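Heads up: the structure comes next, in structure tokens.
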Amino acid sequence: MSEEILNTPTSEEEKKEYGADQIQILEGLEAVRKRPGMYIGTTSIRGLHHLVHEIVDNAVDEALAGFCNHIKVDILPGEIIRVEDNGRGIPTGKHPKTGTSTVEVVYTILHAGGKFGGDGYKVSGGLHGVGASVVNALSEWTEVEVCHDGTDLMKQRFERGVPCYSLKKIGERDYTGTTVTFKPDPEIFEETVFEYDTLKALLREAAFLTAGLRITLTDLRNPEEVEQDSFYYEGGVASFVEYLNTNKTPVHDKVIFMKGARDDSSVEIAIQYNDTYNENILSFANNVRTTEGGMHETGFKTALTRVINDYAKKKNFIKDNDKVLTGDDVREGLAAVISVKLREPQFEGQTKTKLGNSEIRTLVDSMVQEKLSAFLEENPVVGKAILEKAVSAARAREAARKAKEATRRKSALDSASLPGKLADCQDKNPENTEIYIVEGDSAGGSAKQGRDRKYQAILPLWGKMLNVEKARVDRIFGNDRLAPIITALGAGVGSEFDVEKVRYHKVIIMADADVDGSHIRCLLLTFFFRFMKPLIEAGYVYIAQPPLYKIQKGKLPPRYAFDEKAMQEIVEELGGVPEDGIQRYKGLGEMNPEQLWETTMDPANRTILKVEMADAAAADEAFTLLMGDMVGPRREYIEKHAKYVTNLDI
Ligand code: 0RA
């Protein structure tokens, strides 16, 4: 076969068409580069990771079709990503509509599946359903290597989406598959350094959702410290639920798995109750996480509540027309994964992560109604354990309602009842204001003196902190350490939390850089995660970064460093510093108000880290391990993952 051009137009007629197509394609790529946000949501680090998701999704589709069982993702030096699969290989022949190869179509035409369908190529759900051409357009360069026929190894290179040459043969190979290598364009992305842990969480999730698929992630950026993780789950979503309940005590031994299908749609659900008080439901449509929920979640919740209430009545746990179990009651301690596949997913909502297809609601509802009722009938021991859990949740709810009413009445009498320890700011516009939650009275005192009272509020914490993981909402109200936070933020708590009412748009946790400080940060994050999740989702939660070292050389202004490495760099830069010029802070309390302001609170100098809840499953695991009642695994975890624990604090 000729090395050159597979797509040379043959007749004048075709040539004309080809020209017009080519212009359209270039315009398409240009549009993507002009408004990348429209296609991938954001050009932040999240957008950067979306690119990998998008390319991996294409390979996962090949696995779902049954032709691929291993996907390798490598992070190469220079922040380059390589995704290799052992599928059939993207078809390399001439595409009937364009005259170019199908490979070129897939990588240059927006929504290749929709418009240029045919040839068996279907566009994947994708994170935003955008496909490989968008990744290509937003990459400095992309190289695609394909072996489709088990003989010829073909390659095409693109720069900023534009082909450098047509698909050409570069060698021979005796197995099929597709390898895509790309370097995200620094002209487009604000951040181009990949986070190993983020990709790891993403790929683990993808492996859970495709039973029997192996996905291997390898970080080759530092040849001296190659990191690798490999994921393979025979049990699919059932394994996922087991994973969510790692280190929790299940209420029943086995995960309950249900599946069903109708027309072109299918649904798989796995559930298992644990003895905590929290619900953890993860839903997916075409392997894309639907954080905002949607029709599949609604169908599941409605059916679950109905099935459990019917079963409770049948077993005389509750009487007819007696107090029914609410949705919250039947979901207390529930870990569930809902995965639906459908032909034309409609993604709605603020972040386009809410599934809008109403036909899915009825499919999920009737499947759960049928399968879960049958399961409970056949497994009365499990059924009884679940009912006991739900009935005790209902009792606690009643107690919580009474407790809430009591606090509401109190605040109604005294409308300006802010916590006594709170030093509020003058500005009342939440967009301008921040609140520092400070560990320890002495640090709290320094913060109060050092702050800019116009827009900075200080809330010192004291007393014994409640272990949030084990707590129910009713106990939160009685806790003297968390109650002031709830009151100061002024937006309620739990299911009543309303992020629109929050009094500060920056909630900054400020604690020491030591183990105790780390514990406090973790507790507060757990509390926000469990009871004020929208606060984290809105990006309002931050971690302050107080310095660990002060470096003073002669009469020069003092310098500050967050860690030992930075300290040594400063010492070097200053050409050496006498030993007594280096002070290591043991705690925030050691800094005077001016120092605290200068290093940690002044927006002009400080570093604060925004808390992202990118992966609720990972956070849930870490929180549980760190704070759950299983001491053994917890210690083990901390010892093994000391590094990750500090990451979590970020
Ligand atoms: C459609 C048809 C065929 C392969 C693929 C798509 C395919 C696409 C991607 C994207 C990444 N990896 C992939 N692997 C395969 C083959 C059709 C046939 O040979 O009959």
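Coordinate-derived values only; no laboratory data. Please read all numbers here as calculations on a predicted model, not as lab measurements. We place every Cβ from the backbone using ideal geometry, glycine too, and count neighbours over all the protein chains shown.
Rank these for me by crowding, TYR175, TYR165, TYR243, going from fewest to most other beta carbons within 10 Å.
Details: TYR175 8, TYR165 12, TYR243 17.
Result, fewest neighbours first: TYR175, TYR165, TYR243.
Based on Cβ point charges of +1 for Lys and Arg and -1 for Asp and Glu, what charge dipole magnitude is obtained for the range 566-608 about its Cα centre, in debye rounded to the nearest 20?
220 debye
Pairs to check: LYS454/LYS553; LYS313/LYS341; LYS301/LYS354; LYS34/LYS341; LYS501/LYS533; LYS301/LYS533. Give those whose C-alpha atoms are more than 24 Å from each other in this structure.
Flagged as over cut-off: LYS454/LYS553; LYS313/LYS341; LYS34/LYS341.
Taking the Cβ of PRO186 as the center, what net charge do the other residues with Cβ under 15 Å away carry, scoring Lys and Arg +1 and Asp and Glu -1?
Within the 15 Å Cβ shell, the charges total -4.
Just for the range 276-360, what percent of DSSP beta bridges are antiparallel, to the closest 5?
Percent antiparallel among DSSP bridges in the range 276-360 is about 35.
Sorted from fewest to most neighbouring beta carbons within 10 Å, what does the list CYS164, CYS68 look like?
On the way: CYS164 11, CYS68 23.
Lowest to highest Cβ neighbour count: CYS164, CYS68.
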